[in-house]
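Notes to accompany the following structure.
The values are calculated or read from the model by the stated rules, or taken from the named source; none is laboratory data. Everything quoted here is computed from the prediction, not taken from an experiment. As a convention, Cβ positions derive from the backbone with ideal geometry for all residues, glycine included, and neighbour counts pool all protein chains shown. Just so you know, the surface numbers come from the protein's heavy atoms only, side chains and all, with ligands and any DNA or RNA stripped out. Shrake-Rupley method; radii C 1.70, N 1.55, O 1.52, S 1.80 Å.
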Amino acid sequence: LCIYNFLPWVPTLADAHSPGPQRKMTLSYDTQAGLLATTFKWKHSVVGDVFSSFSFWCFLAIHLAVFWVARWNREALQDYEDIFLMDWNGVKVVSGITTFIEVFYAQHAYQRYLHLYSLVRDIFLLIYEVSHYSRVYLGDIKRGHARAGLRFIIVSMALALQDLKDTGTEGQLLELGRQGLLREPELSTLLPLAPGNRPRVVLTWAAGTLRAGFEESNASRQAMQGVCDLVMRIQALQRAIINIVRLPVPFQYFHLLSAMIIMNLLLWAVKMGMLDCAFAPVIYTFSSFIFIAMMELSSQLADPFGTDEVDFPINKWMQHCVSATEFVLELQWPFGPSLESFVEQEVALKPATLRNFAWQKTIEEGEYGDSPGPSPRGPQRNSHHIHSLMHSPRLSKTQALEHQHLLAGGHP
């Protein structure tokens, strides 16, 4: 399965092992680093997005202009003081309503983000289950059916992502053919179809291929039905993801929120600019930064299929999926072709072998799986652990006597 370079947004195998940094969905950070260390760590944050926003600098310029006029030309504004004077109570009403609507939008975007994450990860888990089903029931004889079925499933995932970003053009489909993932008959069937129907058609091919392999390998009907159900669940999750992404927050709500943020920033720019305080520009800068940053972050969370810092690392997930699928399909059994002799050797083992090994590991690591080595409290801790095991209702009488023997200093 050479699928590492099957799409432009999925790096090749060489890129995956290159020494250069790869983007992650979320940055690993230390919650104990402290407020100052975390606050001044601007990389991988929304600081750059806010500072590159035209709105931030536009309203800051308005605020500085009002601040300069009010501070150094106060005599010229005395005749118009009644006109330009605003009460903070009126500004607070607009600020409160705007804050409520923006927080509601941010919460909705984050819940949507978590839901999409669960759906995407569930698809990859289902692909892993299909690969295990195929390897166990199809074996080495019908491995070709398993490879073809998994190839169709992964290609359907690629086509679904194309449809998600509206990039399912004819050129992208032909690129899959040039890379050997789709053959000529398959391409001729998919080209006339709409981009939204291609993933479903390819998943149908996957289910049919796997079903044929299960029938030829004389697998049980329940196993065949189980793998077909997994494929259908993948299709349902793909459609659910597309439907959620194509149903964002209504534009009327987003437009109203944007208008209220602009009005709130404008009122702040004027009111704080008229304050007789040297720190007014600093206060306004931080206040406007928080409002614009929340809006920017919420918009990024609402569509996690892109190149933002918080977007899903689809490239990395696809590489892991292909690697795990290939590993399972090409897995060699440790017992070789003769399973009977392997099972006979297992039966010949004494049942106490595993129990003794587990008991020795418990003695060495300490209670509750501590690190290897002597117990921090010496023999007393192991003795207490043995006493608790002796009185456990899950132990038989023979096992209790063995534990009592160990407590007395005997060997297992």
For the range 178-194, which positions are free of Cβ contacts under 8 Å to residues at least 60 places away in the same chain and under 31 Å from the mean Cα position of the chain (by Cα)?
178, 182, 190, 193, 194
Odd one out for residue 141, checked against (1) under 21 Å from residue 219 (Cα atoms); (2) at pLDDT 85 or above; (3) not in a helix (DSSP H, G or I):
(2)
So residue 127 clears everything in (1) more than 30 Å from residue 149 (Cα to Cα); (2) open to solvent by less than 80 Å² (accessible area, probe 1.4 Å); (3) aliphatic (A, V, I, L, M); (4) modelled with pLDDT of 90 or more except one condition, right? Which one?
(1)
Count of the range 30-49 residues which are open to solvent by less than 100 Å² (accessible area, probe 1.4 Å), aliphatic (A, V, I, L, M) and assigned to a helix (DSSP H, G or I):
2
Of the listed residues (219, 160, 148, 212), the one being in contact (Cβ under 8 Å) with a residue 40 or more places away in the chain, in contact with a helix residue (DSSP H, G or I) (Cβ under 7 Å, 6 or more places away or on another chain), within 30 Å of residue 300 (Cβ to Cβ) and of a type in the set (Gly, Ala, Ser) is 160
When you go through 263, 232 one by one, which is the residue that is open to solvent by 70 Å² or more (accessible area, probe 1.4 Å) and closer than 27 Å to residue 197 by Cα?
232
Residue 95 fails exactly one of (1) exposed (fewer than 11 other Cβ atoms within 10 Å of the Cβ); (2) at pLDDT 80 or above; (3) not hydrophobic (A, V, I, L, M, F, W, C), namely (1)
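With modelled with pLDDT of 90 or more and under 21 Å from residue 87 (Cα atoms) as the only criterion, which of 267, 275 stands out? Even if it seems obvious, please write down each step before you answer.
Numbers: 275 fails: modelled with pLDDT of 90 or more.
Just one listed residue meets the conditions, 267.
Inspect the range 269-280 for any residue being in a helix (DSSP H, G or I), open to solvent by 30 Å² or more (accessible area, probe 1.4 Å) and touching a residue at least 60 places away in the same chain (Cβ under 8 Å) and give the result as yes or no.
yes
Pick from 147, 121, 151, 135: which is in a helix (DSSP H, G or I), open to solvent by 80 Å² or more (accessible area, probe 1.4 Å) and of a type in the set (D, E, K, R)?
147
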What is the residue count in the range 202-227 for residues that are within 25 Å of residue 241 (Cα to Cα), open to solvent by 40 Å² or more (accessible area, probe 1.4 Å) and not aromatic (Phe, Trp, Tyr)?
2
